[in-house]
1. Which whole-Hz couplings ³J(HN,Hα) result when phi for each residue of the range A:579-594 is put into the Karplus expression 6.51 cos²θ - 1.76 cosθ + 1.60, θ = phi - 60°, listed in order with x for Gly and Pro?
2. Work out the mean other chain Cβ neighbour count within 10 Å for the residues of A:66-74 and drop it here as an integer.
3. Report the A-B buried area as the accessible area lost on both sides summed, probe 1.4 Å, in Å² to the nearest 100.
4. Given the pairs B:46/B:170; A:557/A:626; A:155/A:420; A:120/B:58; A:59/B:58; A:120/A:147, which span a C-alpha to C-alpha distance of over 21 angstrom in this model?
5. Per residue of A:143-152, count partner chain C-beta atoms within 10 Å of its C-beta, then hand back the mean as an integer.
6. First compute the accessible area of the range A:500-633 with a 1.4 Å probe, then give the percent of it belonging to carbon and sulfur atoms.
7. Given H placed on each backbone N at 1.01 Å, which residues far from residue A:453 in sequence or on other chains put an amide H within less than 5 Å of it?
8. I need the Kirkwood Rh of the range A:363-488: take the reciprocal of the average 1/r across all distinct C-alpha pairs and report it in angstrom.
Amino acid sequence: MTDRNRKASTNAWICPNDRQLCLRAKLNIGWSYHSDSPRGSGNELAQNEKKQIMQVLQKAENLEKMEQERIGRLVEKLDNMKNHAVGDGERSCILCGVTFSTFGTTPTPCNDCKKGVCSKCGVDTYNSRKQPLWLCKLCSEQRELLKRSGAWFYKSMPSYIMPVKNADNLGSKNIRSVVIAILDLLLCKRKYLNYDVKILLFCYILINIPQTASATSSTSKDNYGTSLTKRPTMQADGSSEDETDTSLSTDSDTDDGSSNDDSIGINDSVKPRPAWASLAHKEHSSNSEISLKKSMDDERNEESSDYSSEVSFSASKVNPKEKAENENEINLAFQEFKPSQADFRSPITENESIDSTGNEGLGSLDFSVLFEPIDFKLHVTIIKAKNLKGMGKHGVDPYVKLQLLPGSSKSNKMRTKQSKTCNPEFNETLTYLGVTKDDIARKTLRVYVMNHDRFSSDTVIGIYNLKLKDIGDVMKRFNDVPLHKISQVLEIHVNSIERGRIEISLKYVTATRTLEVGIIQCIGLKAMDASGYSDPYVKCYLRPDKYKITKQKTSVKRRTLNPKFNAVFKYKYAHSELAGKTLDIQVWDRDIGRKNDFIGGVYLGKDSSGDQLRHWFQTLKTPNAKFTHFHTLTDELRHPAE
Amino acid sequence: MAKSYDYLFKLLLIGDSGVGKTCVLFRFSEDAFNSTFISTIGIDFKIRTIELDGKKIKLQIWDTAGQERFRTITTAYYRGAMGIMLVFDITNERSFENIKTWIRNIEEHAASDVEKMILGNKCDVVDKRQVSKEQAQQLAAEYGVKFSETSAKDGHNVEEAFMTLAKDIKAKMDRKQQENNNGGGSHSSPNVHVGSQGGKDKKANANRSFSWCTLL
């Protein structure tokens, strides 16, 4: 009622525009015109109204975040369970891995996955028609997750936040308590004492060296999990010797793995499935299941695009239709706050095969690449890897390493954090700084999927080469790219001429009549020392300079190829004097006990060319403005004859 | 602070301006009533955790503004709702007629399998009644939706209405799950288990803490 009155009093009648009048004349539908959408001035939201709505949205967002964290915890729980599942479901219990026999444990097939489980690892429930239902713990957990997350309604997994692992400080305590508990157990049961001195020793070391403890904390935590799930079933088995075997060897896994049987722990033959993979692999994979998986992928896609791209943001900005200006703001906000938008995408039918293993069975990788030419940045977002081939004796600890080729090796390698599964999700963005268009045209991004090995050097699971010239300025996403063996890929010749790049800012301040030269950082310097690194510092002259009075130096940055200096050199000269000068910036490698090595230099002045010349003139032309640029170092070392 | 819960259901209240959506929600969430009319601005929500079949269910109930000018905002929330309460005022015939419009709105914006329920609010005001219970029931039956007469003022049926809706959603959830997992819906035949059953095994089976074989 109030609504209507307001409309009438303010702006019920609007003069139609020419186009509409023209249309009306043609269609012969009369001249009465009422704005179809009551979006005149009467419809505006007042400032306080906006504020109030925003508050509600904020509140909702907080709630949403809590919910996402909750789902994240559920997902993690299920993932952990899956990772700890050791059996094959035929001859041994899918979860705890206890071998079935006619006398001992007998298998009962799970209703969902049809794999055999022992009585300890199954759950007896009812379905909605009150029929009895026997499920393995994995499937029952999976069902719970579907319900708890709301995925049953939205037909896709809502976005979730995985809980942050604070294993580093927590883990060291945990592992100590775990090890102590195990030692206690061993000591109180005398018969185990004769077992393996090595293991006891190892436990002892673990307790006494906190660093070791924290370094191995995550693994040991996992092992703890296995040993926990193990114990009861072993008892059911009735063979006590077996029991010691496993409860001990789960720990000795971390030692060298050679001491005991391989049947425990996550070894190569067992492929831990991702939380959702099994959904898609199910026999009766109904449409909705597939779409569930698919839309999950989509979601990740969206997540990752949120990371870096302003592209996607501007895309979402485009669609506010013919809304009043000040309503835009709120509507925009709504699009962002709309209860997890991603949930409501209609399921997409999937034609591709579900099994996306790489052609060599090494696994596949999802990642995206975005080049920002203005900032000279190359963002590489590693999203996830799938079906990685397990390599190490100690399970898989995959991580992703990047390298820009050609280029010196140590300066341009970056890596993600380690993950613990064969289907790791990294969702990490690694950014290369100081990448020029020239680099893009020339260079290749090599993505290594590595397997971390705590006791020997890390091994390469597979690699993928991406020619950067194929990417453009927009975000490119690569889904399910198969990994190759390292030998199959042509080694790219490492160009030794590359000397690196330097980021310089220039500013002429008229008030103080000074030229401010900012040495910000260097990228990818050539390694001059045997260690594969350099100890770089930057020298700067303003030539001609007979007596080297303009020489200024930065501090030496030890053992790095990407030093950040953030130093500013000031030269007090009149603007007119500067025009004839040349700025000579040199990067040197500091060596103790012998002559310092020249890494590379760059010259800015009227005699220089290209970027250097442009940068110099920009600075002189527009005083009091700061210009920052990357310059490629050259091996040219000028010694002006003065 | 964060109370644990098993499921989160998102509900939505829609209906004409002034039918008492906010009051119904206020009654349900706080068990209180305020007779002054304050028009809801845009959108708001309240939380209440209930228990159904031993499961804790957190209800996030969105209260929308009935006014036309907030329509763009409110419709954005249809899609995320698992259950929608359509509220009308039994002392206002127009609000009852508009239920049809609201249902059309739902069909347009909400998820296809959303649970719906119609509430005739203000049933305590008997002398000004314009919509009879039968009329409303007929309409509800037409759309295959449950109907309930409530009064936010004296709290009549409010709790029950929300419980019914939550129950319906939960039932749908369990049902859906079943379909999802079972595909064809076949219950695994008991023959699969029998392999282990033989005369000599009987002792071993009897020892097991759980065995259906012993039941045979």
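1. Each residue of the range A:579-594 in turn: 3, x, 9, 10, 8, 10, 10, 10, 10, 10, 9, 7, 10, 8, x, 8 Hz.
2. 2
3. Roughly 5300 Å².
4. Check vs 21 Å cut-off fails for A:557/A:626; A:155/A:420; A:120/B:58; A:120/A:147.
5. Per-residue shielding by partner chains comes out at 5.
6. 50
7. A:458, A:459
8. The Cα-based Kirkwood calculation yields 14.7 Å.
The values are calculated or read from the model by the stated rules, or taken from the named source; none is laboratory data. All values reported here derive from a predicted model rather than from experimental measurement. Cβ coordinates were reconstructed from backbone atoms using ideal geometry, including for glycine residues, and neighbour counts include every protein chain displayed. With ligands, DNA and RNA removed, areas are computed over all heavy atoms of the protein, side chains included. Shrake-Rupley method; radii C 1.70, N 1.55, O 1.52, S 1.80 Å.
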